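A.B. asks: Below are the structure tokens for one structure; questions will follow.
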Amino acid sequence: MNLKLIEISKIIAADLIGDGEKEIKSVKSIEDCDLDSISYIENIDKLAKSKIGNPGCLIVSKKEKDKIPFKTNLLLVENPKLAFSKLLSFIERENSKKYEFGISDKSVISKNASVSSKCYIGPFCVIEDNAVIEDGVIVEANCYIGSGSFISANSRIYPNVVIRENVHIGSNCIIHSGSVIGGDGYGYIQTENSHQKIPQIGKVIIGDNVEIGSNVSIDRATIGETLIGKGTKIDNLVHIAHNVKIGSNCLIIAQAGIAGSTIIGNQVIIAGQAGISDHVIVEDNSIIMAKTGVMGHIKKGSILFGFIGRPRMEYMKIEAIFSKLPEIYNFYKKFKRDNEKDDK
Amino acid sequence: MNLKLIEISKIIAADLIGDGEKEIKSVKSIEDCDLDSISYIENIDKLAKSKIGNPGCLIVSKKEKDKIPFKTNLLLVENPKLAFSKLLSFIERENSKKYEFGISDKSVISKNASVSSKCYIGPFCVIEDNAVIEDGVIVEANCYIGSGSFISANSRIYPNVVIRENVHIGSNCIIHSGSVIGGDGYGYIQTENSHQKIPQIGKVIIGDNVEIGSNVSIDRATIGETLIGKGTKIDNLVHIAHNVKIGSNCLIIAQAGIAGSTIIGNQVIIAGQAGISDHVIVEDNSIIMAKTGVMGHIKKGSILFGFIGRPRMEYMKIEAIFSKLPEIYNFYKKFKRDNEKDDK
Amino acid sequence: MNLKLIEISKIIAADLIGDGEKEIKSVKSIEDCDLDSISYIENIDKLAKSKIGNPGCLIVSKKEKDKIPFKTNLLLVENPKLAFSKLLSFIERENSKKYEFGISDKSVISKNASVSSKCYIGPFCVIEDNAVIEDGVIVEANCYIGSGSFISANSRIYPNVVIRENVHIGSNCIIHSGSVIGGDGYGYIQTENSHQKIPQIGKVIIGDNVEIGSNVSIDRATIGETLIGKGTKIDNLVHIAHNVKIGSNCLIIAQAGIAGSTIIGNQVIIAGQAGISDHVIVEDNSIIMAKTGVMGHIKKGSILFGFIGRPRMEYMKIEAIFSKLPEIYNFYKKFKRDNEKDDK
């Protein structure tokens, strides 16, 4: 990048205090910034002064402008993080690969598929019968789109993604590399010592504005649908089993797993490596903390933590007492010994 | 689908009580079913009445037929779940892509590979020297089959699977997308501060009727073999390290991990996110519950639970007492304080 | 293989005691070895005699040669494991696919990419604009190398790997199948109930001699870099979030996860299924044991264990007392009841 501050002020709609002709060559974190770079501060009171670099310009909130403890160019906005994100978007658009619409002649597209002329299909893709690819969709190299699957407008599929048959992807979705949407659910009938596969003939339906990280597995329903609500963001290496229903605007962090037929409400946060049992309900606005296991019905707005999740404050108290257990145990042993002596 | 009840009764070998001419348009879960759909009930006593929809037909056991609390068409069988599964198989066969045998001319097949003329190889596959693909095998798009690997009859490999060299896959296996069979084991020799790779020249051998979920990693042995016994079913995102030996008909649920050289018996269940240490033995018929860590030898038929796995009932008791720890700790503090006063 | 002992003694630079003309047909573990095979013993005192097979030759240390309790051919070296590993390397070189340098005409290479004439690019790869592939690199089938990415000399990329744009891979690295390097970091700005994506325009930089297992996800930085230090070895299904910085010669075992902006020192070991929170520092030489959760600053050389990691010895003591909790609780209940009676 190479932008004058006056240009940046327009991109992010900020008031500039300083030298509009100053050239900025990079965006940096507040710790790493130097005189050629721009950064932002969200809340200066939470920031150790020693952690602040030497920025050529800072994006700050109007309220905090007088708290900056040194002289530099300032860009004043309501929400510095959002403004910084806008600047990143601008840089990304400038630098990223330009996709010209078109279908690679190295890909295999079924004659019965309906692929928009205004989309990009990279090389070595397979698009099966009756699949639909809408306008503005980007499907990068080595992707597989199964029969009857539907990719809505402006969604982006990174390389090496597998979308099996009868999967519906909403508009403006992003699916990162290595993810598999619509793999068979894990369902068997036990017959003495063997396990007989239950056919998995259901679907996966993914709402608009969903982002799915890399190497995620989302299984199709046995019958009916596995659902991911609009605006939900799924991190890497997450497992979502058959017939799970996830509400809108949830955050499902890396390596979390949700077992079969479980229902997750709206705006739920499931942190990293958490695990939710099958056939469980987690109501709206709940937070399941990292590594927490959930086995029962979770009421709206709960915050759970622990190997078997409990209310967070309760669990933190228990964890603190764990440290006292050796002391308690020693006391108990001594007390018991003393009393046994007394009894004699 | 569009099937008359008389047709369905033949497909699943059931006795029909009701209207054989009635047309069924879909299969649904018992909660969601409507007059155009068919569902099943496994055990009506375990089912809340409010959870039962309005089915056009129900598959039920002969014993339970008189317990159905409303009038509908019935199909009587010994095992309703199994019969329903049979119906799903029928629907799946009707609806699924028909694979015509043949090798895509977009794939790269070594002249030294032995590929049956009665198998399906999708586009953009690579099959290396001395690989063998038997009759009835389906290898979908973007798969890699390494040199010397053997895919036995009627196995199915979904798109974007990597099977490295010298891997043996049994017959009637299913391997889902994104899985990697035969990656190098994780083995190093520590030399001062660096780690020198130990070559991993062993194999992976997978028995008949094994199913492997999506994004699973099964490593090759350092020397000798990593073994997965016949009939074992592995869920998504599971890690199986080098030289692990797993018996037959095990269930290994999503995100579980098994470290190097560990031996798992037959009919063992390892639930989601569980982790088994290296060089450990888990004997037949054991159950390792979700998120449980296993560090020692586990005797036949054990059921383990907990961060460090203990017998399940023992662990549940401990978990229950965790809730009492604040009370116990307060009592202990007060008791100690009082007694210290008394001592003065 | 088919090697005379005199040949093996030269390959691993060992002193032979026994019959140099003896032919060895395979390498085996000490348990499985037979008269046609060679194995090694690292420390005979740690080995149950019943576990020793019947080797045609044993590689042992000079110090231990008189402790071998039966007569067989011996190869004497300083470090038997290292010597055995050398022999495995020799066998691997003999048996493995010979890569002739060249670029598959089935791949799509940007005219603006710089690909050495002394590298191997398998079929169905995509190499984007301004990517650089140095001498001796092997990129196997179905790989994607994004624009501006750099693969340094002699690195090896197994099939179906995705390396997104602006990723730097050092020399002599190994990246196993299914891994995704440079996926977008998981970063959003919360705006009321929705989450707005923060563009992820940073890089991933991977040092020399790094090995990355299968189905690993390493995210690019938001801005700046995600760093993996030289010599670090990463096992399967590991998650490394945006802006994480990992030092040199670390071991990160399967299914571990490291959240955003966390800093890991040198020679740190993070065992299987462990999870490290975001914005945390783990200093040099620390060991995070399996399944352990880390939420705070970890000092140099710490060994942590537990759901919320504590010093290992402390945690083991607490775990041991867990077994006593039912006894303590019963005592407490009885004591309280008795005292309440007394009070009346």
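The values are calculated or read from the model by the stated rules, or taken from the named source; none is laboratory data. Bear in mind that the values here come from a model prediction, so they are computed numbers and not experimental data. Heads up, the Cβs are rebuilt from the backbone with ideal geometry, glycines too, and the neighbour counts pull from every protein chain shown. Accessible surface is based on the protein model in full, side chains and every heavy atom, while ligands, DNA and RNA are left aside. Shrake-Rupley method; radii C 1.70, N 1.55, O 1.52, S 1.80 Å.
A.B. asks: Select, from B:Gly257, B:Gly231, the only residue that is in contact with a strand residue (DSSP E or B) (Cβ under 9 Å, 6 or more places away or on another chain), within 7 Å of another protein chain (Cβ to nearest Cβ), free of Cβ contacts under 8 Å to residues at least 40 places away in the same chain and under 27 Å from B:Pro199 (Cα atoms).
C.D. replies: B:Gly257
A.B. asks: So, one more: Pairs, please: C-beta under 9 Å, at least 6 apart or cross-chain, first residue more than 22 Å from A:Leu5 (Cβ to Cβ) and in region A:45-61, second outside any loop (DSSP other than H, G, I, E, B)?
C.D. replies: A:Asp45/A:Glu64; A:Asp45/A:Lys67
A.B. asks: Taking region C:110-122 only, how many residues are more than 11 Å from chain A (Cβ to nearest Cβ) and either crowded, with 18+ Cβ neighbours inside 10 Å or closer than 18 Å to C:Ile169 by Cβ (or both)?
C.D. replies: Here the count works out to 9.
A.B. asks: Out of the residues in region A:262-289 that are over 24 Å from C:Thr191 (Cβ atoms) and surrounded by fewer than 22 Cβ atoms within 10 Å (Cβ to Cβ), which is nearest to the other protein chains (Cβ to nearest Cβ)?
C.D. replies: A:Ser277
A.B. asks: Can you name every residue in region A:40-78 that is surrounded by 15 or more Cβ atoms within 10 Å (Cβ to Cβ), in contact with a helix residue (DSSP H, G or I) (Cβ under 9 Å, 6 or more places away or on another chain) and in a loop (DSSP other than H, G, I, E, B)?
C.D. replies: Across region A:40-78, the qualifying residues are A:Ile41, A:Glu42, A:Ile52, A:Gly56, A:Ile68.
A.B. asks: Which one of these does A:Leu87 not meet: (1) assigned by TED's automatic domain parsing to the domain that holds A:Lys63; (2) under 19 Å from C:Phe124 (Cβ atoms)?
C.D. replies: Only one criterion in (1) assigned by TED's automatic domain parsing to the domain that holds A:Lys63; (2) under 19 Å from C:Phe124 (Cβ atoms) is unmet by A:Leu87, namely (2).
A.B. asks: Still on this model: Kindly provide the set of residues from region A:79-109 that are of a type in the set (Gly, Ala, Ser), over 19 Å from C:Lys203 (Cα atoms) and either facing another protein chain (nearest Cβ under 10 Å) or buried (at least 20 other Cβ atoms within 10 Å of the Cβ) (or both), ordered by number.
C.D. replies: Matches in region A:79-109: A:Ala83, A:Ser104, A:Ser107.
A.B. asks: Determine, yes or no, whether B:Ile169 is within 12 Å of chain C (Cβ to nearest Cβ), among the hydrophobic types (A, V, I, L, M, F, W, C) and buried (at least 22 other Cβ atoms within 10 Å of the Cβ).
C.D. replies: Answer is no for this residue.
Rundown of residues vs (1) modelled with pLDDT of 95 or more; (2) open to solvent by 10 Å² or more (accessible area, probe 1.4 Å); (3) farther than 24 Å from B:Leu227 by Cβ, yes/no style:
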{"position": "B:Phe124", "(1), (2), (3)": "yes, no, yes"}
{"position": "B:Ala131", "(1), (2), (3)": "yes, no, no"}
{"position": "B:Glu134", "(1), (2), (3)": "yes, yes, no"}
{"position": "B:Asn142", "(1), (2), (3)": "yes, no, yes"}
{"position": "B:Ser147", "(1), (2), (3)": "yes, yes, no"}
{"position": "B:Phe150", "(1), (2), (3)": "yes, yes, no"}
{"position": "B:Asn154", "(1), (2), (3)": "yes, yes, no"}
{"position": "B:Pro159", "(1), (2), (3)": "yes, no, yes"}
{"position": "B:Glu165", "(1), (2), (3)": "yes, yes, no"}
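A.B. asks: Determine the pairs where a residue that is of a type in the set (D, E, K, R), located within region B:97-119, has a partner that is part of a strand (DSSP E or B) with Cβ atoms under 8 Å apart, the partner being 6 or more residues away or on another chain.
C.D. replies: Short answer, once both residue conditions are applied: B:Glu100/B:Tyr120; B:Lys106/A:Val108.
A.B. asks: Now for a different question. Six or more apart or on different chains, Cβ under 8 Å: which pairs go from a residue in region A:177-191 that's without any contact (Cβ under 8 Å) to a residue 24 or more places away in the chain to one that's among the charged types (D, E, K, R)? Could you list them?
C.D. replies: A:Tyr188/A:Lys197; A:Tyr188/B:Lys233; A:Ile189/B:Lys81
A.B. asks: Among the candidates A:Lys106, A:Lys98, single out the residue that is out of contact with any strand residue (DSSP E or B) (no Cβ under 8 Å at 6 or more places or on another chain) and either within 22 Å of B:Cys143 (Cβ to Cβ) or among the charged types (D, E, K, R) (or both).
C.D. replies: Residue meeting the stated conditions: A:Lys98.
A.B. asks: Taking C:Asn193 as the residue in question, decide whether it is on the phi > 0 side of the Ramachandran plot and of a type in the set (S, T, N, Q).
C.D. replies: No, not satisfied.
A.B. asks: Could you tell me whether B:Ser37 is within 30 Å of A:Ile109 (Cβ to Cβ), within 14 Å of chain A (Cβ to nearest Cβ) and open to solvent by less than 30 Å² (accessible area, probe 1.4 Å)?
C.D. replies: No.
A.B. asks: Something else now. Could you tell me which of the residues A:Ala254, A:Ala241 is crowded, with 24+ Cβ neighbours inside 10 Å, at pLDDT 95 or above and over 23 Å from C:His242 (Cβ atoms)?
C.D. replies: Step by step, each of A:Ala254, A:Ala241 is checked, and only A:Ala241 is crowded, with 24+ Cβ neighbours inside 10 Å, at pLDDT 95 or above and over 23 Å from C:His242 (Cβ atoms).
A.B. asks: Identify, please: which residue in region C:8-34 is charged (D, E, K, R) and within 14 Å of chain B (Cβ to nearest Cβ) and is, among those, nearest to the chain's Cα centre (by Cα)?
C.D. replies: Among those that are charged (D, E, K, R) and within 14 Å of chain B (Cβ to nearest Cβ), it is C:Lys28.
A.B. asks: Would you pick out the residues in region C:121-156 that are closer than 22 Å to B:Asn160 by Cβ and either outside the structural domain of C:Ile181 (by TED's automatic domain parsing) or outside any loop (DSSP other than H, G, I, E, B) (or both)?
C.D. replies: C:Ile121, C:Val126, C:Ile127, C:Ile138, C:Val139, C:Tyr144, C:Ile145, C:Ile151, C:Arg156
Here's the yes/no breakdown for (1) part of a loop (DSSP other than H, G, I, E, B); (2) of a type in the set (Gly, Ala, Ser); (3) open to solvent by 20 Å² or more (accessible area, probe 1.4 Å); (4) more than 7 Å from every other protein chain (Cβ to nearest Cβ):
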{"residue": "C:Lys300", "(1), (2), (3), (4)": "yes, no, yes, yes"}
{"residue": "C:Ile308", "(1), (2), (3), (4)": "yes, no, yes, no"}
{"residue": "C:Lys317", "(1), (2), (3), (4)": "no, no, yes, no"}
{"residue": "C:Pro326", "(1), (2), (3), (4)": "no, no, yes, no"}
{"residue": "C:Phe335", "(1), (2), (3), (4)": "no, no, yes, yes"}
{"residue": "C:Asn339", "(1), (2), (3), (4)": "no, no, yes, yes"}
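A.B. asks: Taking region B:150-168, which residues are touching a residue at least 40 places away in the same chain (Cβ under 8 Å) and among the aliphatic types (A, V, I, L, M)?
C.D. replies: Across region B:150-168, the qualifying residue is only B:Val167.
A.B. asks: Limited to region C:210-228, what total is found for residues that are surrounded by fewer than 23 Cβ atoms within 10 Å (Cβ to Cβ) and under 20 Å from B:Thr191 (Cβ atoms)?
C.D. replies: So the answer is 1.
A.B. asks: Condition first: in contact with a helix residue (DSSP H, G or I) (Cβ under 6 Å, 6 or more places away or on another chain) and either part of a helix (DSSP H, G or I) or surrounded by fewer than 18 Cβ atoms within 10 Å (Cβ to Cβ) (or both). Now tell me which residues in region B:22-34 satisfy that.
C.D. replies: Passing the criteria: only B:Glu31.
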